[in-house]
Amino acid sequence: MSKFWRVFSYEYLRHVLRKRFVFALLSVPLFILFFGLVGVLMVFLEYNPRPVGYVDLSNALQTRQPLPSGANDIAPVVELRRYADENSAKNALLAKQIQAYFVIEPDYLHTGRVKLVALDGAPSESIKSEFSDFLKANLLASQPQLVASRIEKGSILTIISADGSRRMNSEQWLDIAIPILTGVLFIIAINASGGYLLQAVVEEKENRTMEIIVTSVSPDQLMAGKIAGNLSVGLTQLLAWVLMAVAAILLMANFIPSIQNPHISQQFFWLVPLTLIPAFVLVAAFMAALGATVTEASEAQPIVGLFTLPIMLPYFFMNQIMLNPSGPLATGLSIFPLTAPVSLPLRSAFMDVPFWQAALSILLLVACAAGAVWLAARAFRLGMLRYGKRLSWQELFGRA
């Protein structure tokens, strides 16, 4: 057992203590942060502080209600200037006193027609959205405050399961985003850890390190230590990303009220570890078996995608899973071992997954993971000393 722990600690530390691991660990949050900053930058680049004019030919806006600037707006609301006629607005536009002007047609209350005139192309979408909100606020100014507020905010549709155990509405987008994000992080982490293991096995086979290692440790202990070590590398990445995501959500909750009270089901929290850990072992063992059957790392790279594609398959059927989480497609994807790690937690965001389905899925994952470890150990025993010669699948599945 001590030899297993030596192999485990060596495999774990030799990856974790490298600069590329730190870079890979920080690359995902930095990637998300980069695109977030790019989005904010694009908003500021599109922002034009010059006022926007409007001409009310319909006399629908008899009492002008200014559009209040929200406390969480990234950019301030642009000033709206009223002009008596279109010629006045056009002169102001040509003089570049305003960036554009809207013309509310005389039959607006019947047709809803509004004309936008701009000098240098159409203004940003935020300007159009702000003017639409301005129109809505003024048209509702004569209504009671409760009525106007409800029309502006719209309805909140709540979907409730037949047994009343689950409910979800449009404001609970975080309840859906968390299972989706967990699956994405799992795919990234499993590819990284599986890639490490595949590369380590092939490199040690190429440089004949195996000849020295197998004199002091059995092939089964060596393979088990390698799988466990590289599995822990992936779990370390996943845990670090989850902690970063939790910290980011807690920070964002101070500015976005809708994510202050997420309603994540308890089932999701126990399904995630019970499916992700055996799935990690399953894919890592397949990677190790693949490394033992080839002669060079370049031969294995095209085949690695065959393991990633099934794991990503639930995202191709995301809409069907969301609309019918108890249907045969969603059920089948949550039971099949390679798609279960993503499908099963995702289904739990929309329904209470029946216990027998969750138990069957986890048992199949554990059984397949155990079989994959056995297969990897067998491939390692048969192919570890074959230099320049590929281990055929007939030999792998034949008699030892």
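The values are calculated or read from the model by the stated rules, or taken from the named source; none is laboratory data. If you're wondering where the values come from, they're calculated on a predicted model, not measured in any experiment. Every residue, glycine among them, receives a Cβ derived from its backbone with ideal geometry; neighbour counts consider all protein chains shown.
Quick grid of which residues meet (1) within 31 Å of the chain's Cα centre (by Cα); (2) at pLDDT 75 or above; (3) not hydroxyl-bearing (Ser, Thr, Tyr):
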position: Ile151; (1), (2), (3): no, no, yes
position: Gly164; (1), (2), (3): yes, no, yes
position: Ile178; (1), (2), (3): yes, yes, yes
position: Val184; (1), (2), (3): yes, yes, yes
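Residues are listed down the side, and each one gets a yes or a no for (1) closer than 26 Å to Asp107 by Cβ; (2) surrounded by 13 or more Cβ atoms within 10 Å (Cβ to Cβ); (3) among the hydroxyl-bearing types (Ser, Thr, Tyr); (4) modelled with pLDDT under 75:
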{"position": "Phe8", "(1), (2), (3), (4)": "no, yes, no, no"}
{"position": "Phe31", "(1), (2), (3), (4)": "no, no, no, no"}
{"position": "Tyr47", "(1), (2), (3), (4)": "no, yes, yes, no"}
{"position": "Asp56", "(1), (2), (3), (4)": "yes, yes, no, no"}
| remark: When the stretch 344-365 is checked residue by residue, the ones that are assigned to a helix (DSSP H, G or I), more than 15 Å from Phe186 (Cβ to Cβ) and among the hydrophobic types (A, V, I, L, M, F, W, C) are Phe355, Trp356, Ala358, Ala359, Leu360, Ile362, Leu363, Leu364
| Verdict on Lys115 being of a type in the set (D, E, K, R), at negative phi and surrounded by 16 or more Cβ atoms within 10 Å (Cβ to Cβ) | no
| Hey, does the stretch 307-327 have a residue that's touching a Lys or Arg at 6+ places or on another chain (Cβ under 8 Å), on the phi < 0 side of the Ramachandran plot, assigned to a helix (DSSP H, G or I) and modelled with pLDDT under 70? | no
| field | Within the stretch 320-350, tally of residues that are among the hydrophobic types (A, V, I, L, M, F, W, C) and over 20 Å from Ala177 (Cβ atoms) | value | 5
| Here are some conditions: (1) modelled with pLDDT of 75 or more; (2) of a type in the set (A, V, I, L, M); (3) surrounded by fewer than 19 Cβ atoms within 10 Å (Cβ to Cβ). Ala279 meets all but one. Which one does it not meet? | (3)
| task | Considering only the stretch 319-355, state which residues are under 19 Å from the mean Cα position of the chain (by Cα) and touching a residue at least 60 places away in the same chain (Cβ under 8 Å). | result | Met322, Ala340, Pro341, Val342, Leu344, Pro345, Leu346, Ser348, Ala349, Phe350
| task | Within the stretch 121-149, count every residue that is assigned to a loop (DSSP other than H, G, I, E, B) and within 38 Å of the chain's Cα centre (by Cα). | result | 4
| message | Can you pull out every residue in the stretch 84-117 that is farther than 12 Å from Pro51 by Cα and in a strand (DSSP E or B)? | response | Val103, Ile104, Val114, Lys115, Leu116, Val117
